[in-house]
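Participant: First the structure, then my questions, so here it is.
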Amino acid sequence: MPETSANTSSAGAGAVSSVNSQVGVVVLDTGDLAEVTDKKYVSDAEKTKLSNLSNTNTGDQDLSGKVDKVVGSSLVADTEIAKIHASGSDNQDLSGYELLSNKQTDLTASATKYPTVNAVNTGLATKQAAGSYEPAKGTDDNYVTDAQLVVIGNTSGANTGDQTLPTDATLTVTDVTTNNVSTSKHGWFPKLPTATGLFLKDDLTWAAPATGNPSDGDKGDLTVASGVWTIDAGVITEAKQVLADNTTNDVSTSKHGYVPKAPNTLLKFLSDDGTWKSPYIFVGTSAGATTTGADTNPVSVSGLVFTYVNNAIYMIWVMGRVNSTAATTGIGIQFDLSTAITDINVIGINTLAAAGTVSGFGSIADDTSQSVSSGVPAGPLDAALFATAIFRPGNNTGTCQLRVRSETTAVTELMAGATMVVERIA
């Protein structure tokens, strides 16, 4: 078969000299031709397999355990078939069950019907609420109320529980000494003796009390002489005293005694009238500023006033700050007295300049300034103020009011926080 291929050679154009190195009459088969793309060789058996394939699957599945599925029928596993035919599946004994058609929704008695669970629960709840439900009772099955149950719990069973117990009015006693009191147990009081004037001793015998006074002599902290009991000197020591909040024996102007209970204020001292008092009869602080008018008229300082008594002598101190609208305006301090007095002497100062100079003021009569300060530090700035006075009211009683005034027809002010302290020294 003349053919030209890659494995064919010729000596000249036209005739084939050889095929696959074969010459002469050459017969070729598939073994003489190499495979190329999409030109593969299969065996006859493989060609048969290809003709049997539908191309739906690979053709090599194991279908030995499979059966055809018939429309309208379902296949189940052997274990499921066993469940269907297990004991009690299709041959149960239903003789003990009722048909649903025989149920009823209440507790009405019936020979053919049966109540539902809900009917039973509802019916029992209704009867229990009405107090009319009581199941059938057997031997020793009895019902009691809560109150009766309490009574049963309190009953010993030794008696019926309804006996009338004796009272003081119904108790009957006899001359039996079995349960009388003794040194080993408590009990009944012994029968009274026929004799009079006897007392029951602690050995439970009746005897007359001892008569007469104890014999004279030392009885420890006491001494008896002819029936008179006397506490021995020095036997009542501090250790034997029990003190209480009782003022009966406190010191007074008529007798010596105990010191009064301390008030614990840290501000008081024991006065010669036997009471705790502050050494100062008045201590007050102004809540607000006291401002004068643009004149020299005095103005009262609110809250700084005290009551004086006749024939006393008082020391007065005033401390605070002053501020004026002009550095050249000073201040005066004086006291307004409600009654005629013997005398009052006031002297004070306030800061005048930052260099440390001061300016003074004074008063020697009721509500009158003898002198006033000449100013305050330039600014004007707040200036410290201090004044002291000795006051003798004489034979009169009244009130003493602190007052301030301006030096000139300009406003000045005693600032809030000014304090006045008064001490009675005689």
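We did not get these values from a lab; they are worked out from the coordinates using the rules stated. On a predicted model such as this, the values are computed, not experimentally measured, just so you know. Positions of Cβ are generated from backbone atoms using ideal geometry, with glycine treated the same way; all protein chains shown enter the neighbour counts.
Participant: For the pair residue 396 and residue 221, what calculated FRET efficiency results from E = 1/(1 + (r/R0)^6), where r is the Cβ-Cβ distance and R0 = 60 Å, to the nearest 0.05?
Facilitator: Approximately 0.55, to the nearest 0.05.
Participant: So which residue, out of 180, 142, 246, gets the largest mean-square fluctuation from a GNM of the chain using Cα contacts under 10 Å as springs?
Facilitator: Of the options given, 142 has the highest mean-square fluctuation.
Participant: Report the gain in length on full extension from residue 61 to residue 307: 0.36 nm times residue separation, minus Cα-Cα distance, nm rounded to one decimal.
Facilitator: The residue 61-residue 307 span can extend by a further 75.7 nm.
Participant: Hey, another quick one. Using Cα atoms only, what is the angle between the long axis of helix 117-130 and the major principal axis of the chain, expressed in degrees (0 to 90) to the nearest 10?
Facilitator: Helix 117-130 sits roughly 20 degrees off the main axis of the chain.
Participant: Residue 357 to residue 300: FRET efficiency via 1/(1 + (r/R0)^6), r the Cβ-Cβ distance, R0 30 Å, to the nearest 0.05?
Facilitator: 0.50
Participant: Along the charge dipole of the chain, pointing to its positive end and built from +1/-1 on Cβ of Lys, Arg, Asp and Glu, which listed residue (28, 139, 188) has its Cα farthest out?
Facilitator: Going by the Cα projections, it comes out as 188.
Participant: Another question about this same structure. With an 8 Å Cα cut-off and a minimum separation of 6 or more residues, compute the relative contact order for segment 143-209 in percent.
Facilitator: After rounding, I find 15 percent.
Participant: What is the gain in length, in nm to one decimal, between residue 181 and residue 238 on full extension, counting 0.36 nm per residue of separation less the C-alpha to C-alpha distance?
Facilitator: That pair, residue 181 and residue 238, stretches by 16.1 nm at full extension.
Participant: Another question, if that's okay. Between residue 120 and residue 171, what length in nm is gained on full extension when 0.36 nm per residue of separation is reduced by their alpha carbon distance?
Facilitator: Answer, rounded to one decimal: 12.5 nm.
Participant: Another question, then. Could you run the Karplus curve 6.51 cos²θ - 1.76 cosθ + 1.60 with θ = phi - 60° over segment 350-367 and give me ³J(HN,Hα) per residue in whole Hz, x for Gly and Pro?
Facilitator: Residue by residue, segment 350-367 yields 9, 4, 9, 8, 5, 6, x, 6, 10, 10, x, 8, x, 8, 10, 8, 4, 6 Hz.
Participant: I would also like to ask the following. Give me the percent relative contact order of segment 110-265, please, defined on Cα pairs under 8 angstrom at least 6 residues apart.
Facilitator: Result for segment 110-265 is 6 percent.
Participant: Select from 352, 406, 391 the residue farthest towards the positive end of the dipole of segment 280-424; place +1 on Cβ of Lys and Arg, -1 on Cβ of Asp and Glu, and compute about the Cα centre.
Facilitator: Highest projection toward the positive end goes to 391.
Participant: Then there's this: Assuming 1.002 mPa s and 20 °C, estimate D for segment 366-426 with Stokes-Einstein, Rh taken as the Kirkwood radius over Cα pairs, in µm²/s.
Facilitator: 147
Participant: How do the peptides 283-290, 368-375 rank, highest first, by the average count of neighbouring beta carbon atoms within 10 Å per residue?
Facilitator: Top to bottom by mean Cβ count within 10 Å: 368-375, 283-290.
Participant: Shifting gears a bit: What ranking, highest mean first, results for peptides 165-174, 24-33 when packing means the other Cβ atoms within 10 Å averaged over each residue?
Facilitator: 24-33, 165-174
Participant: More than 29 angstrom separation, counting every C-alpha pair in the chain; what % is that?
Facilitator: 81
Participant: Testing the spin-label approximation: label points 7 Å from Cα along Cα→Cβ at residue 25 and residue 425. State their distance in nm.
Facilitator: Taking the two extended label points, one gets 17.4 nm.
Participant: Please list 408-419, 291-302 highest first by mean number of surrounding beta-carbon atoms within 10 Å per residue.
Facilitator: The densest-packed peptide leads the list: 408-419, 291-302.
Participant: When the gyration tensor of segment 217-278 is built from Cα positions, what are the square roots of 5 times its three eigenvalues, in whole Å, from largest to smallest?
Facilitator: In descending order the semi-axes read 36, 13, 8 Å.
Participant: Also, I was wondering about something else. Report the relative contact order of the chain, percent, no decimals, based on alpha-carbon pairs under 8 angstrom and at least 6 residues apart.
Facilitator: 12
Participant: Any idea how far apart residue 53 and residue 228 come out in nm if each label point goes 7 Å out from Cα toward Cβ?
Facilitator: Taking the simple label geometry, residue 53 and residue 228 are separated by 15.2 nm.
Participant: Between residue 259 and residue 285, what FRET efficiency comes out of the Förster formula 1/(1 + (r/R0)^6) with R0 = 45 Å and r the beta carbon distance, rounded to 0.05?
Facilitator: 0.90
Participant: With each run of n ≥ 4 DSSP H residues scored as -39500 (n - 2.57), what mean residue ellipticity at 222 nm is computed for the chain after dividing by its residue count and rounding to the nearest 500 deg cm²/dmol?
Facilitator: For the chain, the value works out to -2500 deg cm²/dmol.
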